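Scroll down for the structure; my scribbles are underneath it.
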Amino acid sequence: MSLQGKHIILGICGGIAAYKSVSLLRLLVKAGAEVQVVITPAGKEFITPVTLSALSQKPVVSEFFTANTGEWHSHVDLGLWADCMVIAPATASSIGKMAHGIADNMLITTYLSAKSPVFIAPAMDLDMMAHPSTQANLRLLESYGNHIIEPETGYLASGLTGKGRMEEPEKILEVLEKFFSVGKSMEEKKVLITAGPTYEKIDPVRFIGNYSSGKMGYALADECASRGADVTLVSGPVSVSVSNPSIKVVKIESAKEMLAECEKVFPTSDVAIMCAAVADYAPAHTADSKIKREHQEIPVIELVKNPDIAATLGAMKKSSQTLVGFALETDHEFENAVEKLNRKNLDMIVLNSMRDSGAGFGTDTNKVTIFTRDSRCEYPLKSKKDVAKDIVDAIISKKCEQR
């Protein structure tokens, strides 16, 4: 019943997979959704508006105005009306237009006006799907906060077999139902997230740090905010940014500064996700001026331990709070992760292994294992945005699900 009463825009582009949109429309209506179809001119070459209107019980929108009456179709009003927009099939052409704001038809202008989540189900031949321009456009759309429903690998209209076949309507329905069943379950929740590295000063121009890009923590912040959470993101020095303007970003540099901000926010937080790669050590003394190489002995830098932020919050944690840690390991990964889970009084820990290609610092993908107190799930390599969804799902349900 998660789609009961939901307002859904179904966008249909000009591809052979448009025949599947009829089944998707029937499923959405059967699930209780109110559906407005917006179709491109090319889409009408594959499926008629009469069929779509009969199933949706609404006139199908394709042009900016009705030619014989002059009635204006407001893409702005549609964007405000919808609880979500689903574009299925999404062709390479429309994906490119959406990515770059080329608003030359009603579907693209409606997409650009949408205030609600957008789900995009690509459909095209395998070479078009694999082309660098298509992949770059999909990554760009995903970076805007859109949800990409990956196509299947199968038999294509060209007679070839490969990735590009639009996901089946039943699976698309499942994606939407899952989103609306858990998508708002973080409403009224206060979430604290740490992200990025910390820089520990040696002198005014040098520091001890690490290669963390902050991408995983920022993806988690965007995901929590998209589900209705009030998010405070305490971030070390990074070049990435959040896509949701509701997120409060607090910039820090050192581990001590990060701890101080976390201690301010954590007591009133429902969930805290410690994703930052905090430097374990800091120089015992920071030089007031640049250490010069000339006329000096090689300096010896004495190190001291930085505070353990996750463990500090774990000691403060109340039974009503959920505390999530991260572990980046190079050996004995599972044993070390479980030891940290227990020692730091965490409710969940997310393990990355430096052994896994495509995971860890600086990448757009990650491969994680999630440990809770009574479950362990290993996940395949995914985009960090999709990993964030898995992590937040596990936080909400208090257990992970094998994928």
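The values are calculated or read from the model by the stated rules, or taken from the named source; none is laboratory data. Source: prediction; values computed, not measured. Glycine gets a Cβ as well: all are built from the backbone with ideal geometry, and neighbour counts include every protein chain shown. Areas reflect the complete protein model, heavy atoms only, side chains present, ligands, DNA and RNA absent. Shrake-Rupley method; radii C 1.70, N 1.55, O 1.52, S 1.80 Å.
Table for the structure above
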| item | result |
| --- | --- |
| Peptide ranges 209-217, 308-316, 191-199 listed from the most packed, as the mean C-beta count within 10 angstrom indicates | 191-199, 209-217, 308-316 |
| C-alpha center-to-center spacing [region 370-394, region 151-182] in angstrom | 22 Å |
| Scattering profile of region 21-127 at q = 0.15, 0.22, 0.23 Å⁻¹ [log10 I(q)/I(0), Debye over alpha-carbon scatterers] | -0.63, -1.43, -1.56 |
| All-pairs alpha carbon distance profile, region 224-327, 5 Å steps from 0, percent | 2, 10, 18, 19, 17, 11, 7, 6, 4, 3, 1, 0 |
| Heavy atoms of residue 253 accessible to a 1.4 Å probe, total area in Å² rounded to 10 | 70 Å² |
| Helical mean residue ellipticity (222 nm; -39500 (n - 2.57) per DSSP H run of 4+; nearest 500) of the chain | -9500 deg cm²/dmol |
| FRET efficiency for residue 345 and residue 116, using Cβ-Cβ distance with R0 set to 35 Å, rounded to 0.05 | 0.35 |
| Residue 100 versus residue 373: modelled label distance in nm, points set 7 Å from Cα along the beta carbon direction | 5.3 nm |
| Protection proxy ranking, peptides 81-90, 321-330, 135-144, 225-234, average beta carbon neighbours within 10 Å, highest first | 81-90, 225-234, 321-330, 135-144 |
| Ranked packing of 147-156, 355-364, most packed first, by mean Cβ within 10 Å | 147-156, 355-364 |
| Rounded to 5, percent antiparallel among DSSP beta bridges of the chain | 35 percent |
| With 10 Å bins from 0: P(r) over region 140-272, alpha-carbon pairs, percent | 11, 31, 26, 18, 10, 4, 0 |
| Full-extension gain in nm, residue 23 to residue 251, via 0.36 nm per residue minus C-alpha separation | 77.3 nm |
| Rounded FRET efficiency, nearest 0.05, which uses the C-beta distance separating residue 381 from residue 160 and R0 of 25 Å | 0.50 |
| Hull shadow area, averaged, region 244-403 [alpha-carbon convex hull, nm²] | 12.3 nm² |
| Per residue convex hull volume, Cα atoms of the chain, in Å³ | 171 Å³ |
| 0 to 90° range, to nearest 10: angle between helix 333-343 axis and the chain longest Cα axis | 70 degrees |
| Heavy-atom accessible surface of region 248-403: percent carbon and sulfur, 1.4 Å | 50 percent |
| In sequence order, calculated HN-Hα J values of region 276-284 (Karplus, 6.51, -1.76, 1.60; Hz; x Gly/Pro) | 5, 9, 6, 4, 6, 10, 9, x, 5 |
| Normalised contact order of the chain, rounded percent, pairs of Cα under 8 Å and 6 or more residues apart | 10 percent |
| Extension gain from residue 185 to residue 81, taking 0.36 nm per residue of separation minus the Cα-Cα distance | 35.3 nm |
| Contour minus Cα-Cα distance for residue 30 and residue 297 (0.36 nm per residue) | 88.3 nm |
| nm² value of the averaged projected area, convex hull over the Cα atoms of region 284-354 | 7.6 nm² |
| Per-residue ³J(HN,Hα) for region 12-21, Karplus 6.51 cos²θ - 1.76 cosθ + 1.60, θ = phi - 60°, Hz, x for Gly and Pro | 10, 9, x, x, 4, 5, 4, 4, 5, 5 |
| Estimated FRET transfer efficiency when R0 is 22 angstrom, pair residue 174-residue 50 (beta carbons, to 0.05) | 0.15 |
| Cα-Cα over 21 Å, subset of 20/58; 190/248; 318/367; 256/384; 6/178; 115/398 | 318/367; 256/384; 115/398 |
| Accessible surface, region 87-140, averaged per residue in Å² (probe 1.4 Å) | 37 Å² |
| Accessible area of residue 19 in the full protein assembly, 1.4 Å probe (Å², nearest 10) | 130 Å² |
